[in-house]
Every structure is written in structure tokens, then in C-alpha cells.
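Just below is one structure, and these are the notes that go with it.
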Amino acid sequence: MAGFEPLADAQIEALMKTHALTAQVFVITAFNYVDEVCLDWMRDNLGEQTFVKVGGAWSSVLHPFCAFLAGPHTGDEEMLVQAEIDFSQLGAVKVWLDAAGHYQRPEILQFSFDKRPHWADEKINRFKAPAKDSSAEVEPVTEL
């Protein structure tokens, strides 16, 4: 991440908003500030830290439509970030982005896996299916 530190807040915000919208959830984010006390503890207990530096902190509460309900709060000042979440608003989110797939068309689009070999050096069924006894070991199939 060296050289990208100035972009960290924007990256965290983008990741949290992406998660909120695609998972259709409220996102509560609490990244703490790394100070010298924290770095000293890591150095003493985990060894020298080459990537972790002083800084950071990014806390917020996001609506599934990516609006900030609280925050974002960044920097070394300790602050409580809180918001009221209304779960009744999830209905509109589910209509906007239907992860369950009301648009699924199994008669048009299907997923399958072709187990046949496609290259001359490819092996067929490298492993046998495991026996019903969970303690049974998986045995390799003889090569062709």
C-alpha cells in the first residue's frame, strides 16, 4: 500500500458503499486510529510492522442506498458515531436490487460444468467421489 495512503479513506468508503448496496444491508464501520501506543504493542507482540503506520480511522453508519446516516469520522480524535436504523426501509432496497433474482430465466440461462477432457494431456476424474463414511480417504484415480 506504500504510496496509496492518501487514497485509503476513499477506498474504504467505496468498499463500504459497495457492500451496503450489493448486500442490501446497513453497514456499521469502525476502523480505529493507529497511534504510537498501538504500534509499540504490535512491535512487542507481533514483531516489526513494515506496512502499518500511524494514522487511519474511518467510522460510519451507511444506509443500503449508500447514504451516510452517521459519519464518516476520520482522524485521531475519539468520537462515538451513532445512527438510528429503520429496517422497514429495506423493502425499497430489495425492489431496487433483487439479489434473489426475480429476473432469473432458467429456461434461457443455465450453469453447468463440462467434466469431459478438452486437452490431450488432461486427466479425467482425478479423484474418486468420497465414500459415504466421512472418515474414508479420497483415493486418486489411475491416470489414463
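Among the residues here, Lys94 qualifies as touching a residue at least 40 places away in the same chain (Cβ under 8 Å), more than 26 Å from Gly3 (Cα to Cα) and surrounded by 12 or more Cβ atoms within 10 Å (Cβ to Cβ).
Filtered by the rule that a residue be aromatic (Phe, Trp, Tyr), modelled with pLDDT under 90 and either in a helix (DSSP H, G or I) or surrounded by 15 or more Cβ atoms within 10 Å (Cβ to Cβ) (or both), the stretch 1-60 gives Phe31, Tyr33. Search the stretch 90-123 for residues being under 26 Å from His63 (Cα atoms) and either β-branched (Val, Ile, Thr) or touching a strand residue (DSSP E or B) at 6+ places or on another chain (Cβ under 6 Å) (or both), and hand back the single one that is modelled with the lowest pLDDT. So the residue we want is Val95. If you go through the stretch 2-37 and pick out every residue that is farther than 24 Å from Glu78 by Cβ and among the hydroxyl-bearing types (Ser, Thr, Tyr), you end up with 2.
The set of residues in the stretch 1-34 being farther than 30 Å from Ile85 by Cβ and out of contact with any helix residue (DSSP H, G or I) (no Cβ under 8 Å at 6 or more places or on another chain) consists of Ala2, Gly3, Glu5, Pro6. The residue that is surrounded by the fewest Cβ atoms within 10 Å (Cβ to Cβ), counting only those in the stretch 69-84 that are among the aliphatic types (A, V, I, L, M) and at pLDDT 95 or above, is Ala83. Limited to the stretch 30-89, what total is found for residues that are under 15 Å from Asp9 (Cα atoms) and among the basic types (Lys, Arg)? Residues that pass the stated criteria total 1.
The values are calculated or read from the model by the stated rules, or taken from the named source; none is laboratory data. Just so you know, these numbers come straight off a predicted model, no measurement behind them. When we count neighbours, we look across all protein chains shown, and the Cβ atoms used for this are built from the backbone with ideal geometry, even at glycine.
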